[in-house]
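Contents: one structure, followed by commentary.
Nothing in this text is a laboratory measurement; each read-out follows from the coordinates by a stated rule. Worth saying up front: this structure is predicted, and the values here are computed from it rather than measured. As a convention, Cβ positions derive from the backbone with ideal geometry for all residues, glycine included, and neighbour counts pool all protein chains shown.
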């Protein structure tokens, strides 16, 4: 290679870079308009109030989920969006809503315990009273152990014990923001194939077998405290119980680690411990379908309006609190983003479609069902025509933290594009475009389907430490300024995607990540 | 002043310093023995278990307090201490123990709320159901407002609202240790005259008037959440209710700030909110006296054994948890200190007397009663003979944090003495002798009585942020290594005080800080 040739090549590179740059230069005037509108007349606190406080916990298929979905649909209509509706995504299972709960220690003295009914728990049908048998986590998963000790469990509460509180954790802040070094080193995280999720879901449901053995032994209920259920947070979820085919096992409780440890120590030092438990939930099988909420802002360009830019987050939550960070936050931001786009009369060229998903917590069911219904033929494992028309799907589901960047999920062609789009938001703390992938939420369903699909990089705040799936995941833990920042960036990205001459560049569709799911 | 004179003076200074130094040189061989024994065979986890888990909440005069006191007395006897007994300190009031509690939101959906009955709360006599009226903190203390709005309160729960959660607090660690700069700048803190405490107690009891107005209006119960009742901690206490002369007002609940804010927002946005509340407590007036626990290691020196070194902490607690940091921690350390001194056969010269106080949380009553019974003639306001024989009182009541130094309460003569005594503990993090004063706990009663009385400087850990008077103040939040360090230092200080040729130097007794208390 000669010097001349190198120089020519470099000039060509510069020219191409310039063309590329000018192509991807975003409409910063519109971005500024969006930002000004959000900072002056945000509706985020109001949307947050209705999705959390007013709706309550939004367990998939519960009355709370339906309250939130109905409110969102009505609100989209009020704002002037079109096609605002509840859309079934497939079979989910039972509706369950808590009606009553209490767990007290009665001996050696009366004291309330910090605990919650697990979703879809069996009812106690009145107040159960009894003493407690301890079993270690590994014993709880050991069929032989459970069967050989069955006689000890009859008429007893089963407490699955764990490790004591790690007090050294308290010397770290519960809420944090991403440092520059963290942003520069974002790793691939939780991105798995659908088949791997199905495998994990299958294994989770094996727990049912152990609970059934305990039920047959005549035990009263199963109580457990995970390592993270400490310092006032109690993490409450369930691996099964909603499917019509799920056996009804025992009443199930998640409790504070410190209370579980107290009971453990009392029993180990020879004290008589007695508890009383009341769980009353309302089950219904009147409608076992799962639902998403969808609504649209129609595209304004006759040639492009059949193409779609999607954005969303999951509306369902666990039920010990009102699921504010997980994931009202994502829904609040996405709702606010479409409100901004619509109310500012920006006339996006492509159609913008917002989707609020159900069943995410049980296995990304709502988004996955949507993808199967609209975008991929699950039998042939080939894209449907609509798949080619979705330019992108933008998702938010990592808590209430502001946006610090975006994961391109290995789609390197997007790096220069999003790098340009983020430039106007450097002053808001968002500058990172990583080709790393992240998973565990609904953009994954679209990524499997070959759609450019993105979760934003968000500040962690107290998501993992305190609120994620816990009894503290409520309105007061949201940081409104962070949600406003996110709404500004999402609205801008969605708008820019809608006016871009081309669809966003996509990775090829790979059948092997999208195998039959047994649903 | 000539050079010669200066040199002579300097030599004299050095000589005096040397004498002082050799006098105050502590018995480091014994200190090392104490340290080795504690680090090899500590009983702190066991003592902690019995005072917290087994005894339960230790509200003054409650069954839990009595369980802990009885166990401590039996344990002192088992260890071989003498005069181990329950000692009445005066009139306290009612015994109250919780039997049942539940607070649920029923509308707009059913959900348990994070809440606790206040101690000595009136019973609900079954489950109360009703809607909620909000009043602001300043309205709750405004007789005119309450009377003029009485009609609105009938049949309603009264929720005293406050400010929303301050999420920025979450970016600081909940547990901290004192930095060198903090240790170098310890300020006078909470050190007040007894008359000022009496005045404050009197004002606190004014709250009773407001609650009585609400009761007369026909309200169902009063719910409130302090600013600190957040992030899973609920701070639970009461200003009145234990005295035989206290009127029985309404059922009282302390609840999580986030739940209170949720109810407030729901009502303000026009939602119908209904709650159900059940409080059942057991009251007794069979024995209304208050009690301390005392026990002794007799002095071994015939000339000095009539003199006494005291150490102690308060045994009573609030009752939403087991009062581990406040103040089982202090009792654990003091019990372990006397166990070490006794089991090592160290033969202290002066008598060592441990006291575990009752009624501290209501106004330092146990220690103050003790001082009046033994040390000060409260009518004449003059010292009794025994006052001259108490060399010192050492107290611990700032949580589970290790000792970083000691407050001399303005007694400058003690600074060189304690500075020498702490030298062997610099490697354990304790090196600070401050002439500043601290208050809010039982050494104050002895300080008022002219006795050298000390609270140690302790690392704050999560005391103020999470556990102090809260539902999280339980065994798991204790840091055992910190308590061991404290036991080593306390045992060494008490031992050294017992063998020192003279009593510790004291400040003069001032009548003006010890005025009639109206008890």
Requested in this report: Output the relative contact order of chain B, whole-number percent, from Cα pairs under 8 angstrom with separation of 6+ residues.
Outcome: 23
**Report entry** Rounded to 10°, Cα long-axis angle of helix B:365-374 versus longest principal axis of chain B
**Finding:** 40
Report task. Could you please state, rounded to a whole Å, how far the C-alpha centre of region B:406-423 is from the C-alpha centre of region A:303-330? Result -> 62
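Give the peptides B:476-483, A:351-358, B:31-38 in descending order of average Cβ contacts within 10 Å, highest first.
The peptides rank, most packed first, as A:351-358, B:476-483, B:31-38.
Report the antiparallel proportion of the DSSP beta bridges in region B:96-283 as a percent, rounded to a multiple of 5. Each step should come with its number before you reach the end.
Numbers: 19 of 30 bridges.
Among the beta bridges of region B:96-283, antiparallel pairing accounts for roughly 65 percent.
I'd like the FRET efficiency for residue B:83 and residue A:192, computed as 1/(1 + (r/R0)^6) with the beta carbon distance as r and R0 of 60 Å, rounded to 0.05. Walk me through the intermediate numbers first.
Numbers: r = 69 Å, r/R0 = 1.14.
Between residue B:83 and residue A:192 the formula returns 0.30.
For B:96, A:71, what's the fewest-to-most ordering of other Cβ within 10 Å of each Cβ?
On the way: B:96 23, A:71 16.
Starting with the residue having the fewest Cβ neighbours, the order is A:71, B:96.
Helix-derived [θ] at 222 nm for the protein assembly as shown: sum -39500 (n - 2.57) over DSSP H runs of at least 4, divide by residue count, nearest 500? Don't skip to the answer; put the middle values down first.
On the way: 34 runs with 350 residues, N = 1038.
Rounded to the nearest 500, it is -10000 deg cm²/dmol.
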**Report entry** Long-range Cα-Cα pairs in region A:112-165 (distance over 16 Å), rounded percent
**Finding:** 55
Report task. Pop a pseudo-label 7 angstrom from the Cα along the beta-carbon direction at both residue B:179 and residue B:227 and give the gap in nm to one decimal. Result -> 2.2
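Computed over the Cα atoms of the protein assembly as shown, what is the ratio Rg over Rh, Rh following Kirkwood?
Working: Rg = 33.2 Å, Rh = 31.9 Å.
Rounded to two decimals, Rg/Rh equals 1.04.
What whole-number value in cubic angstrom gives the convex hull volume per residue for the C-alpha atoms of region A:96-284? Provide the component values of the computation, followed by the final result.
Values: hull volume 30.0 nm³, N = 189.
Cα convex hull per residue, to the nearest whole number: 159 Å³.
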**Report entry** Label spacing, shortest first and in nm, from residue B:212 to its equivalents in the remaining copies (7 angstrom along Cα→Cβ)
**Finding:** 6.4
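Normalised by the number of residues in region B:107-201, what is the relative contact order in percent for Cα pairs under 8 Å and 6+ residues apart? Can you show the working numbers first?
On the way: 34 pairs, mean separation 22.9, N = 95.
24 percent.
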**Report entry** For residue A:139, inter-copy label distances in nm, listed shortest first [label point 7 Å out on the Cα-Cβ vector]
**Finding:** 5.4
Report summary line: The chain B residue whose Cβ lies closest to the rotation axis carrying chain B onto chain A, with that distance rounded to whole Å, is B:232, 1
Requested in this report: Express as a percent, rounded to the nearest 5, the fraction of DSSP beta bridges in the protein assembly as shown (both residues included) that run antiparallel.
Outcome: 55
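What FRET efficiency comes out for residue B:151 versus residue A:347 if R0 is 60 angstrom and r is the Cβ-Cβ distance? Round to the nearest 0.05. Please report the intermediate quantities before stating the final value.
Details: r = 55 Å, r/R0 = 0.92.
Result of the calculation: an efficiency of 0.60.
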Report summary line: With label points set 7 Å from each Cα along the Cα-to-Cβ direction at residue A:24 and residue B:268, the distance between them in nm comes to 4.4
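Cut-off is 10 Å between beta-carbons; in what order do B:54, A:30, A:338 appear when sorted fewest neighbours first? Working shown, then result.
Details: B:54 21, A:30 18, A:338 24.
Listing B:54, A:30, A:338 from fewest to most nearby Cβ atoms yields A:30, B:54, A:338.
For B:402, A:507, A:282, what ranking results if the residue with the fewest other Cβ atoms within 10 Å of its Cβ goes first? Spell out each step's value before the answer.
Numbers: B:402 24, A:507 17, A:282 14.
The fewest-first ordering by Cβ neighbours comes to A:282, A:507, B:402.
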Report summary line: Rounded to the nearest 10 degrees, the helix A:257-268 long axis (Cα) sits at an angle to the longest Cα principal axis of chain A of 20
Requested in this report: List the distances, in nm and shortest first, from the label point of residue A:71 to the matching label points in every other copy, placing each point 7 Å from Cα along the Cα-to-Cβ direction.
Outcome: 4.6
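Nearest-5 percent of antiparallel DSSP beta bridges in chain A? List each step's numbers first, then the result.
On the way: 39 of 69 bridges.
Among the beta bridges of chain A, antiparallel pairing accounts for roughly 55 percent.
Given 0.36 nm per residue, what is the gain on full extension from residue A:480 to residue A:287 after removing their alpha carbon distance, in nm?
Answer, rounded to one decimal: 65.9 nm.
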**Report entry** Orientation-averaged projected area, Cα convex hull of chain B (nm²)
**Finding:** 27.7
Query raised in the report: Taking the Cα-to-Cβ direction at residue A:246 and at residue B:388 and moving 7 Å from each Cα, how far apart do the two end points lie in nm?
Result: 7.8
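With the contact rule set at Cα under 8 Å and sequence spacing of 6 or more, what percent relative contact order holds for region B:96-283? List each step's numbers first, then the result.
Working: 339 pairs, mean separation 86.9, N = 188.
Relative contact order here is 46 percent.
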Query - For A:166-174, mean number of other protein chain Cβ atoms within 10 Å - result: 6
